[in-house]
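Read the structure below first, then the notes.
The values are calculated or read from the model by the stated rules, or taken from the named source; none is laboratory data. Model, not experiment: these values are computed from the prediction. Neighbour counts are summed over all protein chains in view; Cβ atoms, including those assigned to glycine, are modelled from backbone coordinates with ideal geometry.
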Ligand code: ADP
């Protein structure tokens, strides 16, 4: 394993996985701390998706160290700690404390940090993070309910979270290339720095940083520096495949399970309603009796075949608030998620191995119901949304889409890839 990655949330993990895959690395994503018995086939990169961004630092550290342990046991040559490109954290952490704990466990004394991802408008200049043309502290992130970011100076932000000294690899060094970065890192280490924020305002800076930092035991940042490291691995001739993985052939009906109520998803459901047989799940009916779900299941079984089928709870805002008023928000969501869990399980028992799922929470519920622990990242359907396939257990193929992703024709695009 060329690189073992620990991501502090699920969508961030997929973002990194897709980024590495785009550069030609074979990538497996593991959801949650990998159980000791989990074996994944050889991949260039394994990304462990944790949910450790906003939980207590002690817990985030424990999970990250458990992930580190598994990754090292499975031969990770270097470790990448992935967090959000807006450096989402609080003075307690969890970026600094987790980076410190990983350094200590690796017996290392220095790492770099950069959330920069210029193609998504995240740049770091003289240590200051910009979101588009605004400083982080002027952006909407200043009002984030869990991780309000009120200081754009990342050297200062990281210094409040980390024990060791925090330095800076400034613009002039990244502009002069990998040697400039390496020289600055040597100087910072000599001065006793334990961390360094890296400036980057364009991809070339991330490439320079990737090349200069490839031999560090630990690097940290957003998907952007992941790309820089991947390109450095490719340049060193370490990556064999060099192209995005193709989806394995699979003979299975296709089922769309749509639990997101986002605008993008509603348009996607609308776009196939006349072509795919569809069944709408209604939370109020689900609450009333078991008959509604039994009917959905019987309907789905009768329709399985060559044409994809659509089971959806996705509904416009007025209908969602009706359900919420009748049942309460949590109960409505729970009923729908439980319904999708059972549908996924029982359709899998009928031989369905290919699912397209909309909604972050819904995807989590379906993945859990199917018992899928590790996924290979395959071809990208829409920016940031890949086909994936299970690499332990049954060979499920899953397209997991968080609500707002993808254009109106997403379902057809997804299922075209499998044709
Ligand atoms: P997104 O990625 O768009 O946020 P999620 O799946 O994470 O989608 O969240 C959508 C939530 O809304 C889920 O908990 C789902 O069960 C719930 N839900 C889906 N349909 C309805 C509906 N018609 N009424 C109320 N809640 C719904």
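Tabulated results
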item: Residue 372 within 30 Å of residue 284 (Cβ to Cβ), in contact with a strand residue (DSSP E or B) (Cβ under 7 Å, 6 or more places away or on another chain), more than 16 Å from the ligand (Cβ to nearest atom) and assigned to a loop (DSSP other than H, G, I, E, B); result: no
item: Of all residues in segment 106-148 being farther than 22 Å from residue 209 by Cβ and within 22 Å of the chain's Cα centre (by Cα), the one that is surrounded by the most Cβ atoms within 10 Å (Cβ to Cβ); result: 141
item: Among the candidates 271, 264, 246, residue that is more than 16 Å from the ligand (Cβ to nearest atom), at pLDDT below 95 and closer than 19 Å to residue 413 by Cβ; result: 246
item: Exclusive hit being surrounded by fewer than 19 Cβ atoms within 10 Å (Cβ to Cβ), within 16 Å of the ligand (Cβ to nearest atom) and more than 27 Å from the chain's Cα centre (by Cα), set 318, 295; result: 318
item: In segment 163-192, the residues that are under 30 Å from the mean Cα position of the chain (by Cα), under 24 Å from residue 91 (Cα atoms) and modelled with pLDDT of 95 or more; result: 165, 166, 167, 168, 169, 170
item: Out of 286, 229, sole residue that is within 16 Å of the ligand (Cβ to nearest atom) and either within 30 Å of residue 106 (Cα to Cα) or modelled with pLDDT of 95 or more (or both); result: 286
item: Top-ranked residue in segment 383-415 [being more than 16 Å from the ligand (Cβ to nearest atom) and out of contact with any strand residue (DSSP E or B) (no Cβ under 7 Å at 6 or more places or on another chain); ranked as modelled with the lowest pLDDT]; result: 393
item: Flag for residue 324 being more than 9 Å from the ligand (Cβ to nearest atom) and either surrounded by 13 or more Cβ atoms within 10 Å (Cβ to Cβ) or under 21 Å from residue 255 (Cβ atoms) (or both); result: no
item: Residue match in segment 335-345 (condition: within 13 Å of the ligand (Cβ to nearest atom), within 15 Å of the chain's Cα centre (by Cα) and buried (at least 22 other Cβ atoms within 10 Å of the Cβ)); result: no
item: Any hit, segment 354-365, residues being away from the ligand (no atom under 16 Å from the Cβ) and either in contact (Cβ under 8 Å) with a residue 24 or more places away in the chain or surrounded by fewer than 22 Cβ atoms within 10 Å (Cβ to Cβ) (or both); result: yes
